[in-house]
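All remarks here apply to the structure that follows.
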Amino acid sequence: MDRADIVHENFLRRVAGRDFPAGRAPAGPLAATDAVAIYRAACLSRALDRTSRAMQRAGQGFYTIGSSGHEGMAAVAAALRPSDMAFLHYRDAAFQIARGGQFPGQTMAWDMLLSFAASAEDPISGGRHKVLGSRALMIPPQTSTIASHLPKAVGAAYSIGAARRHRPEHAILPDDALVMCSFGDASANHSTAQGAFNTAQWTSYQAVPLPLLFVCEDNGIGISTKTPKGWIAATFGARAGMKYFAADGLDIYDAYKVALEAADYVRTRRKPAFLHLRTIRLYGHAGADVPTTYLSRDEVEAEEAHDPLLHAVRLLDSAGALPADQALAIYTDTNARISRIAAEAVTRPRLKTAKDVMASLIPPARPCKPSNGPTPEARAAAFGADLKQIDDLQPMSRILNWALTDLMLAHPDIVMMGEDVGRKGGVYGVTQKLSARFGPDRMIDTLLDEQSILGLAIGMAQNGFTPMPEIQFLAYLHNAEDQIRGEAATLPFFSNGQFTNPMVLRIAGLGYQKGFGGHFHNDNSVAVIRDIPGVILAVPSNGADAAKMLRECVRLAREEQRVVVFLEPIALYPMRDLHADKDGGWMTRYPDPSEVIPLGQVGVQGDGTDLAIVTFGNGTYLSRQAQARLAEQGVQARVIDTRWLSPLPKDALTVAVQGAKRILIVDETRHSGGVAEALMAHFHEVSGVPLARITATDSFIATGPAYAATMPSADSITTAALEMMK
Amino acid sequence: MKTAVVICPGRGTYTKTELGVLSRHFPDAGLLAAFDARRAALGQETLTALDSASSYSVSRHTRGDNASGLIYAATLGDFLSLKGVQVVAVTGNSMGWYSALACAGALTPHNGFEVVNTMGTLMQSHMIGGQVLYPFVDEEWLPNPRRRVELLDLVAQIGARAGHVLGLSIDLGGMLVLAGNEAGLAAFEAAVPPVQGRFPMRLANHAGFHTGLQAPVAAAGRAALSPALFGQPNLPLIDGRGAIWWPYATDTAALWDYTLGHQVTEPYDFTRAIRTAAREFAPDLFIVTGPGTTLGGAVAQSLILSEWKGLASKADFQTRQAADPLLVSMGMADQRGLVV
């Protein structure tokens, strides 16, 4: 017999016989009607779990990870305000249902059943995934990547204080909101979760406001691996900057009382708290998981004997809030009701085509209030003495600094965060003076944790800011990449465009720093960014382009709600000369703030027809050198700067190579998985001319004199071009 | 036993053909006598006298202080007469909310009468503004959300003019009930084309219900009617926002506050109430109690707008009704027989 059926039968039999598990008497501030509302939410959650299994057996449902045993989360919902953003654990159906009861007109049963059925009418994901979530209920959807939602909860909590100072046009959280984030005892051990706890503590320790309530739902087991007895209390009981609360999630009165205390602490002190909520897990991890294969029958039955619904009936009856026979009637009525609704929900349409599925990959545009930009006086005050040099030729790092200054002047919702971006002004000086110009609350020096930097950005973006996080070196992105891949990029997708986290992620990267740093400061792979659906990757090659592209990236984030990665070639930051010492050929003037390079527009230098060199980043610089040398040998080449590596500007590239008799692709990323693979494939599909490529080798980059040995050079480009001419 | 959501009709449903309905159907003579006694004590004509009048008079029978009590009694009588169905929730339209409160047990029959009679009398004595009815679906009931938006834009434009008051009063299936002052209503009537031979239709003796115009009525109602009249419902109640008030889980002070606050002064979303009824209770039947038969169309249109059971048009609905009735109007003798 399925454990779900055993638990159900036990409930019916034990309530009818008034055979309740032992426990404390009801105590605390929970009102009788609120207690019954919590019990109703719990019954609905339980009925949905049972129905989801029946739907799966019938081939009509597609998800069976349940919330049974965690119904006490309904009491936590009741202790919070419905405007408190909640990043929920996947076992929190009862929380969402209880919160739904706080908003008039929600149809919680229908909505949840549509999501089990993967109906296109599922109001949160549009049938893309069974996720908890609701725009009306301020619950952004979370997928099942373990604990990866914690860093952004930290960011969202931070945003509340930040919005008190500079409230963004698209802010959605009230000033007195808190952020709630829940997870299981097993995922509390995940390094991502630990990073988020640490960041919250680090922030709070400095008395920076962070109204964040962590809720650890401790059911004592992660799939089949038990959490050591007492571990959660032992490791979280006394952490710096994060107050610990413990409650019994099997007792709705206790859970409500303690959650209320914890929420009050977080809201009034604006400090993080850790609510340790005892729960149990009924029927195993998911539908296909049979707990008796790794737990003894006695252990399973001992847990089942403490079904929180049984405790709830005992407590409600004892408190005089609801007689046990009425509680039983609510349970059975709810089951019958859910069966009727499910029969209708499974008839609703589902997604069919790739187009259907992909419709929410790119979020909807949002209107932004028009701005005339900063006044000349404000600009003069911000730029200071720099204004005198603004018409001079400058290297890319300086131009970027000015572009950032103008963007931050024009858009008060822009906030930057990263390691050393504030006081120091960045390792390469790109963000110099910005902290003095805009204050440390818009130029946030973070702790040393890339997951936290990206989580801060994602969370702030969800409250209307336009974050521009910086990852100090491309190689440092990889430990945190899931924050973009699994979280930022998927949010519009899984919320059907209802929640977004637009941002411009600046990363300093690529190779060619002369002898400095080796691989970890010269990473030359972008594959990890390029294959994320919906994410834009921009790589400028010179200062003027960088400014104009960065403006477009900020527009894409602010107005089109896109997640954009802006990869800045470190070696080109200080580059001044192109062909000869002191020729100043790679410096540019700062383009007027109105000038923009739109997404998908490529750069073309020269109109030679012998050869088109298609490249980007450092490759553009090196190809320009090669172009001159080739001209000396009578070969007329044009250099095409792709600029946008994802999505590739295929149509613009096709147009740009027209008339060229040969195409040479120059790619500083690796041979395997590098950009050239996509460019070769594209030109093979659209062009009949001879194609060749020169790429970096499949190697890490060395430090010292061989720093550029594995990558294309002006010489190797010239040689490859001449080879094609033979 | 079939499950059913019961829907209580609002003002305008006790019409000429309903004359005598209480004497024909009301199942509890003692209760009716109590209502009559209460009205007599207030110096009002009794329900029995009104119901047994020799002829129907618009000025007499549609007045708020008379119509409300008549409709309430006819509704409650029908509800008490139901047999062979399991009522899983109760809802209502506009004034029908007061009836729904009584059917669901949140108000006793007597307290329900007190509330409805008081509010009907206050509406009549204040008589602020009026109502006009206009459809945004055609005669085939095909949903036309764009037309709805156009009409509401027009309403907003007119309402913004100096001296004009106009706003949404009730989302009534495929129709909009608008409320406003005379200038606002007249401007709307002049701005829209006549359709279906009867719209725009001004509703006689109706005030500008469910808008801010009724704030004085709400205040008077709150002064006259104590929260202590309200108790726990014994059936789920769906209000004019589509919110559900559950037995044992209802904050009765909040229920009083909604009933004599938001419900009086904010738009009433009957369509959403029916949508909630369908989606959260999935009943076998939607039963519209008497008096009258006019609310059935709005229920059917609301179900079509909610794409319930694949219904997309009037023809779909009629086909379904012929095969296996989804909607029972107790004001129709043949349908009434299915549930009493």
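The values are calculated or read from the model by the stated rules, or taken from the named source; none is laboratory data. Nothing here was measured: the structure is a model prediction, and the numbers come from that model. Here the Cβ positions follow ideal geometry from the backbone for every residue, glycine too, while neighbour counts run over all protein chains shown.
Restricted to region A:481-571, the set of strands (runs of 3 or more DSSP E) holding at least 3 residues that are touching an Asp or Glu at 6+ places or on another chain (Cβ under 7 Å) comprises A:503-509.
Which residues, taken from region B:90-117, are within 14 Å of chain A (Cβ to nearest Cβ) and either at positive phi or of a type in the set (D, E, K, R) (or both)?
Of the residues in region B:90-117, the ones within 14 Å of chain A (Cβ to nearest Cβ) are B:91, B:97, B:105-106.
Of everything in region B:90-117, just one residue is within 14 Å of chain A (Cβ to nearest Cβ) and either at positive phi or of a type in the set (D, E, K, R) (or both), namely B:Gly105.
Determine which member of the set B:Ala278, B:Ala273, B:Ala298 is more than 14 Å from chain A (Cβ to nearest Cβ), in a helix (DSSP H, G or I) and either at negative phi or of a type in the set (D, E, K, R) (or both). Steps first, answer last, please.
On the way: B:Ala278 fails: more than 14 Å from chain A (Cβ to nearest Cβ); B:Ala273 fails: more than 14 Å from chain A (Cβ to nearest Cβ).
Being more than 14 Å from chain A (Cβ to nearest Cβ), in a helix (DSSP H, G or I) and either at negative phi or of a type in the set (D, E, K, R) (or both) holds for just one of B:Ala278, B:Ala273, B:Ala298, which is B:Ala298.
The residues of region B:193-203 that are touching a residue at least 40 places away in the same chain (Cβ under 8 Å), assigned to a loop (DSSP other than H, G, I, E, B) and exposed (fewer than 15 other Cβ atoms within 10 Å of the Cβ) amount to a single one, B:Gln196.
Taking the criterion of being of a type in the set (A, V, I, L, M, F, W, C) and within 14 Å of another protein chain (Cβ to nearest Cβ), the residues of region A:78-109 that qualify are A:Ala78, A:Ile97, A:Ala98, A:Phe103, A:Met108, A:Ala109. In region B:72-84, the residues that are closer than 13 Å to B:Ser23 by Cα reach residues that are aliphatic (A, V, I, L, M) with C-beta atoms within less than 7 angstrom, at least six apart or across chains, in these pairs: B:Ala73/B:Leu22; B:Ala73/B:Leu32; B:Ala73/B:Leu47; B:Ala74/B:Val21; B:Ala74/B:Leu22; B:Gly77/B:Leu22; B:Asp78/B:Met330.
Each row is one residue, and each column tells you yes or no for (1) surrounded by fewer than 20 Cβ atoms within 10 Å (Cβ to Cβ); (2) under 19 Å from B:Met175 (Cβ atoms); (3) under 22 Å from the mean Cα position of the chain (by Cα).
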{"residue": "B:Glu280", "(1), (2), (3)": "no, no, yes"}
{"residue": "B:Thr293", "(1), (2), (3)": "yes, yes, yes"}
{"residue": "B:Ala300", "(1), (2), (3)": "no, yes, yes"}
{"residue": "B:Leu303", "(1), (2), (3)": "no, yes, yes"}
{"residue": "B:Leu311", "(1), (2), (3)": "no, yes, no"}
{"residue": "B:Gln321", "(1), (2), (3)": "yes, no, no"}
{"residue": "B:Val328", "(1), (2), (3)": "no, no, yes"}
{"residue": "B:Gly331", "(1), (2), (3)": "no, yes, yes"}
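Here are some residues: A:Thr51, A:Thr64, A:Thr33. Which one is more than 24 Å from B:Asp239 (Cα to Cα), within 14 Å of chain B (Cβ to nearest Cβ), of a type in the set (Val, Ile, Thr) and in contact (Cβ under 8 Å) with a residue 60 or more places away in the chain? Please lay out each step first, then the result.
Numbers: A:Thr64 fails: within 14 Å of chain B (Cβ to nearest Cβ); A:Thr33 fails: more than 24 Å from B:Asp239 (Cα to Cα).
Result of the check over A:Thr51, A:Thr64, A:Thr33: A:Thr51.
Within region A:309-327, the residues that satisfy the criterion of being within 13 Å of another protein chain (Cβ to nearest Cβ), surrounded by fewer than 22 Cβ atoms within 10 Å (Cβ to Cβ) and on the phi < 0 side of the Ramachandran plot are A:Asp317, A:Ala319, A:Pro323, A:Ala324, A:Asp325, A:Gln326.
Just to confirm my filter: which helices (runs of 4 or more DSSP H) fall fully inside region A:188-274 and include at least 2 residues that are of a type in the set (Ser, Thr, Tyr) and over 18 Å from A:Asp92 (Cβ atoms)?
On the way: elements: A:191-205, A:231-236, A:252-269.
Helices (runs of 4 or more DSSP H) meeting the threshold: A:191-205, A:252-269.
May I ask you to verify whether B:Leu178 is within 15 Å of the chain's Cα centre (by Cα) and hydrophobic (A, V, I, L, M, F, W, C)? Considered against the rule, which asks whether it is within 15 Å of the chain's Cα centre (by Cα) and hydrophobic (A, V, I, L, M, F, W, C), B:Leu178 comes out as yes. The listed residues are B:Gly180, B:Gly221, and the only one of them that is surrounded by 18 or more Cβ atoms within 10 Å (Cβ to Cβ), away from chain A (no Cβ under 12 Å) and under 16 Å from B:Gly112 (Cα atoms) turns out to be B:Gly221.
Of the set (1) touching an Asp or Glu at 6+ places or on another chain (Cβ under 8 Å); (2) charged (D, E, K, R); (3) more than 28 Å from A:Val208 (Cβ to Cβ), all apply to A:Glu470 but (3). Residues that are of a type in the set (Val, Ile, Thr), in contact with a strand residue (DSSP E or B) (Cβ under 7 Å, 6 or more places away or on another chain) and outside any loop (DSSP other than H, G, I, E, B) within region A:710-726 comprise just one, A:Ile717.
Count of region B:224-246 residues, restricted to those that are free of Cβ contacts under 8 Å to residues at least 40 places away in the same chain and within 11 Å of another protein chain (Cβ to nearest Cβ), is 4.
Scanning region B:204-218 for residues being in a loop (DSSP other than H, G, I, E, B) and surrounded by fewer than 19 Cβ atoms within 10 Å (Cβ to Cβ) gives a total of 1. Taking region A:335-350 as the search range and keeping residues that are surrounded by fewer than 19 Cβ atoms within 10 Å (Cβ to Cβ) and within 34 Å of the chain's Cα centre (by Cα), which one is farthest from the other protein chains (Cβ to nearest Cβ)? Per the criteria, the residue is A:Arg350.
Return yes or no: is A:Pro123 surrounded by 19 or more Cβ atoms within 10 Å (Cβ to Cβ) and over 21 Å from A:Asn479 (Cβ atoms)? Steps first, please.
Numbers: surrounded by 19 or more Cβ atoms within 10 Å (Cβ to Cβ): yes; over 21 Å from A:Asn479 (Cβ atoms): yes.
Judged against the criteria, A:Pro123 is a match.
To keep it simple, each residue is scored yes or no on (1) part of a loop (DSSP other than H, G, I, E, B); (2) surrounded by fewer than 20 Cβ atoms within 10 Å (Cβ to Cβ); (3) aromatic (Phe, Trp, Tyr).
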residue	(1), (2), (3)
A:Asn10	no, yes, no
A:Arg13	no, yes, no
A:Pro26	yes, no, no
A:Leu30	yes, no, no
A:Ala35	no, no, no
A:Leu44	no, no, no
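Determine whether A:Ala305 is surrounded by fewer than 21 Cβ atoms within 10 Å (Cβ to Cβ) and among the aliphatic types (A, V, I, L, M). Taking the combined requirement at face value, the residue satisfies it.
Candidates are the residues of region A:143-166 that are in a loop (DSSP other than H, G, I, E, B) and free of Cβ contacts under 8 Å to residues at least 60 places away in the same chain; the one that is nearest to A:Pro211 (Cα to Cα) is A:Ala147. In region B:227-242 there is no residue that is in contact with a Pro (Cβ under 7 Å, 6 or more places away or on another chain) and part of a helix (DSSP H, G or I). The set of residues from region A:224-267 being in contact with an Asp or Glu (Cβ under 9 Å, 6 or more places away or on another chain), of a type in the set (Ser, Thr, Tyr) and surrounded by fewer than 18 Cβ atoms within 10 Å (Cβ to Cβ) comprises A:Ser224, A:Thr227. Go through region B:256-270 residue by residue and tally those that are surrounded by fewer than 24 Cβ atoms within 10 Å (Cβ to Cβ) and over 13 Å from the mean Cα position of the chain (by Cα). Result for region B:256-270: 7.
Out of A:Gly617, A:Gly518, A:Gly603, one residue alone is at pLDDT below 95, touching a Ser or Thr at 6+ places or on another chain (Cβ under 8 Å), more than 30 Å from A:Phe494 (Cβ to Cβ) and not aliphatic (A, V, I, L, M). It is A:Gly518.
Residue pairs whose Cβ atoms lie under 9 Å apart, sitting 6 or more positions apart in sequence or on different chains, and linking a residue in region A:326-354 that is under 30 Å from A:Arg314 (Cβ atoms) to a partner that is hydroxyl-bearing (Ser, Thr, Tyr) and surrounded by fewer than 18 Cβ atoms within 10 Å (Cβ to Cβ), are A:Ala336/B:Thr3; A:Arg337/B:Thr3; A:Arg340/B:Thr3.
Residues being within 30 Å of A:Val36 (Cα to Cα) and out of contact with any helix residue (DSSP H, G or I) (no Cβ under 7 Å at 6 or more places or on another chain) are entirely absent from region B:197-214.
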